[in-house]
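Have a look at the structure below before the remarks.
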Amino acid sequence: MYKDEERKLIGYGRKVVAVREEIGMTRDQFAATLNLSETLLEEIERDRHLISPSEFRNIEMKLSNPFDPAWRDTDAANYGEETCIAYYTIIRLIDEKRYKEAADPDLIERYIMGYRALAKRIPKYVKQLVEFVKVMADDTLDHEEVIQRLSLVLGITKSMLRRLISKPYIVIGPKTEYLFTRLEFRILLKIAYRYWLLNDIDQAKLIYRALFFNIDRFCMNAGDRVLFPAAVARSLGAVYQKCDEYDKAERTYLKGIELCKKYNNTDQLYKILTNLAATYMQWKPRRKVEARATELFREAYYGAKYTGHTEDIKKIEDAAISFDILI
């Protein structure tokens, strides 16, 4: 499609018209956004123009990128910096499990504000994320009700993405796909954790396994690769450990340690080391693994001390003492 020759894309004009109408722009406004003349845009929409590779790439880039500030009007003048700050604040608070703060109405309003002039598909995504935050912030819900509501949000999100992909005039760009994928991952992670709290180990294992073996699809950028793969490995290893499947737990923890070192995730590293040491002490004859377990406990202890996690230091010490190991 990107050969160095001009080509006429039959029916491509209909796609351009559909997106322009969905956004609610006139032809002259849309032409200015695409850096084209109104006459040229009209020719493209009527399939009367031979589109050059450079024109094709320019149009596709714009249609694929609904986050481009060009998709705004005067009512969304604050789109950009304010919206991004609000979004990343919400994500950070979710990561820190501070759901009440993430569900703050003023913060959510600032987040939504910048998307009012975007194509209709993006506010739908925003609503799903906001709903996810509100569910997690509601302390009155029990575990089963949280699972039920999050499953509903997950189903809506996945069906929404399927509908978008099925529309020939909508181009799913990498940013849009990433947003849906990240939301799906977060919801699944929370559902699995709730099953774990309910002691429904089979369901928790099923979800954690699916996340672990599809981790490359869910972690599409550098920040996620640092944060999530090791956390999922630790959770899945803990499930195997609880099921007395120590060989699988060992393999999963070792993979988690590899991921921690690869992406420099010190926060998860010492936690996985602690779990692996406990696995060895529960699984194999004490005389064969005690030295190795002691070494792992010590490495975890100094890792937690280095990162300044005082609460985790106490947990590591207590775990070692439970096996009569002195760090």
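The values are calculated or read from the model by the stated rules, or taken from the named source; none is laboratory data. As the structure is a prediction and not an experimental result, all values here were calculated from the model. Note that each Cβ is placed from the backbone with ideal geometry, even for glycine, and that neighbours are counted across all protein chains shown.
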Does at least one position in region 73-87 carry a residue that is surrounded by fewer than 14 Cβ atoms within 10 Å (Cβ to Cβ), at pLDDT below 60, assigned to a helix (DSSP H, G or I) and not acidic (Asp, Glu)?
-> yes
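When you go through Thr252, Thr279, Thr294 one by one, which is the residue that is farther than 20 Å from Phe212 by Cβ and part of a helix (DSSP H, G or I)? Give the steps one after another, and end with the answer.
Details: Thr252 fails: farther than 20 Å from Phe212 by Cβ; Thr279 fails: farther than 20 Å from Phe212 by Cβ.
Only one candidate qualifies: Thr294.
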